[in-house]
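Structure first, commentary second.
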Amino acid sequence: MRSFALLLCTLFTAPLWAQSAIAPTARLDAATVPQPEGWADDLALTIPEDLNPDPNILEINLEAVIRDMEIMPGKLTPVWTYNGVLPGPLIKVKVGDRVIVHFKNSLPEDTSIHWHGLRISNDMDGVPGFTMDPVRPQEEFTYDFVVPDAGTFWYHPHVDNSAAQMGWGLYGPLIVEDPNEPQGLGDELILVFSDMSLNPDGQFEPADSGGSAGNLFGREGTVLLVNGKVQPTLKVRQGKPQRWRIINATRSRYYTLRYKRAPLVKLGGDGGLAARPETVDEIKLVPSERLDLVFTPPDAPGTLSPFRWYATNRGYGSTYYRVPEDILLIQTVDAPPVQAAPVPAVLRQIEPIDLSHATEREINLTIAFDRNKKVVMGINGIPNERAVPVMVKVGDTEIWTIRNDTDFSHPFHMHGYFFQVLDDERIPQWKDSVDVPFKSSLRIAVHFDGRPGMWMYHCHILDHAEAGMMGHIHVMPAD
Ligand code: C2O
Ligand code: CU
């Protein structure tokens, strides 16, 4: 009896967090406490000024311009930026909004902006030679489109030299929110993953370093960045969920993500939420792909621990001598842990694409060498510059078997349309970018629902795309 009284007394006098350590079920409800003060300050993105008073129109100026930035301590790097910031400004709108971008090219060479993943009209897709002229130095171009889908998207150049231009810093996030999505999945944090090839003086390595072998492997940068910074710090509170929207804006780098085996809850990615959440120990994120996940900090108050990049086996030699690298420092603040409600079991209704009249097509991702031992990549053995378009009509549905017999994995991307991966193991979701691992194949279904024009598809290891692994689809109007 005496010990019971003592215990009661301890319970009522000990601070709340000590009690929760004894009885985890008594933790504070996560919904009642905010994120730590200044939690994402180190990862802040720039919000561009909206020039249009209409709440359903975002109208901004975007200038591509070189700016000296301190990426490595004490060194200045001439970064290719949008509006002088890295990554480019955050474009955040809601489904159905109109986006007007007055773009100015203040770079020494041609460029363009491609709105990766957005199902917008073909003349706004930003592909010189197919949908527009390149934006020449000192020239301007106005992009004007309506965003039809919620999701995590991004923008980057789409010219012959885009692998180099992206490596120098040209990319930015674009988020489309849907007010009708389930709320309360966690406080949102947008994370743009990228890398840069810098020498010890902070200058860029030559964009074609490694020659043909560089093209073959795909060039990975030497410095890993999150929202333009080396190892920024994120403040978290144990048990308080954060919703991370991650964009892989590297030219070639695959990411394997995990956090001390604390599970991550995957919500979706490219084209918004998936049908259901998925709890995973580890996630792969390939170039151009996006990830939407709930991160629930597992560490005890007062812990500082790194979130790491782990090498992915994306083919021959890609994991040799590769050690994990810290990309983000996670500081669990000294505050009582909290407990969150689980993520809802259903996130969204996604109908499978109707395959009853689908046409089958086979797409082989190929690598060969020409007489001079130069690497030539292609689709079905044909490099981009000699390719004839795939011909389809608005209203058509196709099933593509994408075959990769090469020694390297390829992140396949299609412009202008979402697809579904036909694989019973996968949770239904809308994709525009998907990994096709080496020596494997996968099937996707795509419905060409509108937007006639010429649309690209290619490997998003941009060194591979430039070596020829790119084709185009001529979507003709329905008759
Ligand atoms: Cu991210 Cu052809 O695009
Ligand atoms: Cu590739």
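The values are calculated or read from the model by the stated rules, or taken from the named source; none is laboratory data. None of these values were measured; they are calculated from a predicted model. FYI the Cβ positions are ideal-geometry reconstructions off the backbone, even for glycines, and counts take in every protein chain you see.
The residues in segment 354-377 that are at pLDDT 95 or above and on the phi > 0 side of the Ramachandran plot can be counted, and the count is 0. On inspection, Gly395 does not qualify as over 24 Å from Ala249 (Cβ atoms) and within 16 Å of ligand 1 (Cβ to nearest atom). Of all residue pairs spaced 6 or more apart or on separate chains, those with beta-carbon atoms under 7 Å, a first member in segment 340-355 that is within 11 Å of Arg276 (Cβ to Cβ) and a second member that is modelled with pLDDT under 95 and in a loop (DSSP other than H, G, I, E, B) are Val343/Leu185; Pro344/Pro182; Leu347/Pro182. If the condition is being β-branched (Val, Ile, Thr), closer than 20 Å to Val176 by Cβ and touching a Pro at 6+ places or on another chain (Cβ under 6 Å), then segment 28-76 contributes Thr46, Ile60.
The rows are residues; the columns are (1) assigned by TED's automatic domain parsing to the domain that holds Leu273; (2) touching an Asp or Glu at 6+ places or on another chain (Cβ under 9 Å); (3) at pLDDT below 95; (4) over 30 Å from Gly38 (Cβ atoms).
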{"residue": "Asn83", "(1), (2), (3), (4)": "no, yes, no, no"}
{"residue": "Val93", "(1), (2), (3), (4)": "no, yes, no, no"}
{"residue": "Asp97", "(1), (2), (3), (4)": "no, no, no, no"}
{"residue": "Lys104", "(1), (2), (3), (4)": "no, yes, no, yes"}
{"residue": "Trp115", "(1), (2), (3), (4)": "no, yes, no, yes"}
{"residue": "Asp123", "(1), (2), (3), (4)": "no, no, no, yes"}
{"residue": "Ser162", "(1), (2), (3), (4)": "no, yes, yes, yes"}
{"residue": "Gln165", "(1), (2), (3), (4)": "no, yes, no, yes"}
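For Asn380, the criteria (1) more than 18 Å from the chain's Cα centre (by Cα); (2) within 12 Å of ligand 2 (Cβ to nearest atom); (3) modelled with pLDDT of 95 or more hold in every case but one, which is (2).
The set of residues from segment 331-353 being among the aliphatic types (A, V, I, L, M), within 22 Å of Arg261 (Cα to Cα) and either under 25 Å from the mean Cα position of the chain (by Cα) or not in a loop (DSSP other than H, G, I, E, B) (or both) comprises Val338, Val343, Ala345.
Condition check for Gly228 on (1) at pLDDT 95 or above; (2) in the same structural domain as Val265 (by TED's automatic domain parsing); (3) on the phi < 0 side of the Ramachandran plot: one failure, at (3). Within segment 404-424, the set of residues being farther than 19 Å from Asp463 by Cα and more than 16 Å from ligand 1 (Cβ to nearest atom) comprises Gln420, Val421, Leu422, Asp423, Asp424.
If the condition is being in a strand (DSSP E or B), farther than 18 Å from Arg119 by Cα and either of a type outside the set (Asp, Glu) or away from ligand 1 (no atom under 16 Å from the Cβ) (or both), then segment 434-470 contributes Val436, Ser440, Ser441, Leu442, Arg443, Cys459, Met470. Confirm whether Ser409 is touching a Pro at 6+ places or on another chain (Cβ under 8 Å) and either at pLDDT 95 or above or more than 11 Å from ligand 2 (Cβ to nearest atom) (or both). The answer is yes for Ser409. Of all the residues in segment 185-200, those that are touching a strand residue (DSSP E or B) at 6+ places or on another chain (Cβ under 9 Å) and assigned to a loop (DSSP other than H, G, I, E, B) number 3.
Looking across segment 196-225, the residues that are touching a helix residue (DSSP H, G or I) at 6+ places or on another chain (Cβ under 8 Å) and under 16 Å from Trp80 (Cα atoms) come down to Met196, Ser197, Phe204, Ala207, Gly221. For segment 442-479, give me each residue that is in contact with a Lys or Arg (Cβ under 6 Å, 6 or more places away or on another chain) and either more than 13 Å from ligand 2 (Cβ to nearest atom) or among the acidic types (Asp, Glu) (or both). Matches in segment 442-479: Asp463, Met476, Ala478.
Would segment 420-429 turn up any residue that is part of a loop (DSSP other than H, G, I, E, B), at pLDDT 95 or above and on the phi > 0 side of the Ramachandran plot? For segment 420-429, residues part of a loop (DSSP other than H, G, I, E, B), at pLDDT 95 or above and on the phi > 0 side of the Ramachandran plot: absent.
What are the residues in segment 157-182 that are more than 12 Å from ligand 1 (Cβ to nearest atom) and among the aromatic types (Phe, Trp, Tyr), if any? Within segment 157-182, just Trp168 meets the criteria.
Filtering Lys431, Lys393, Lys439 for residues that are touching a residue at least 24 places away in the same chain (Cβ under 8 Å), more than 16 Å from ligand 2 (Cβ to nearest atom), among the basic types (Lys, Arg) and surrounded by fewer than 21 Cβ atoms within 10 Å (Cβ to Cβ) leaves a single hit, Lys393. I'd like the residue in segment 142-156 that is over 9 Å from Leu118 (Cβ atoms) and of a type outside the set (Ser, Thr, Tyr) and, out of all such residues, is nearest to ligand 1 (Cβ to nearest atom). Filtering segment 142-156 for residues that are over 9 Å from Leu118 (Cβ atoms) and of a type outside the set (Ser, Thr, Tyr), the one nearest to ligand 1 (Cβ to nearest atom) comes out as His156.
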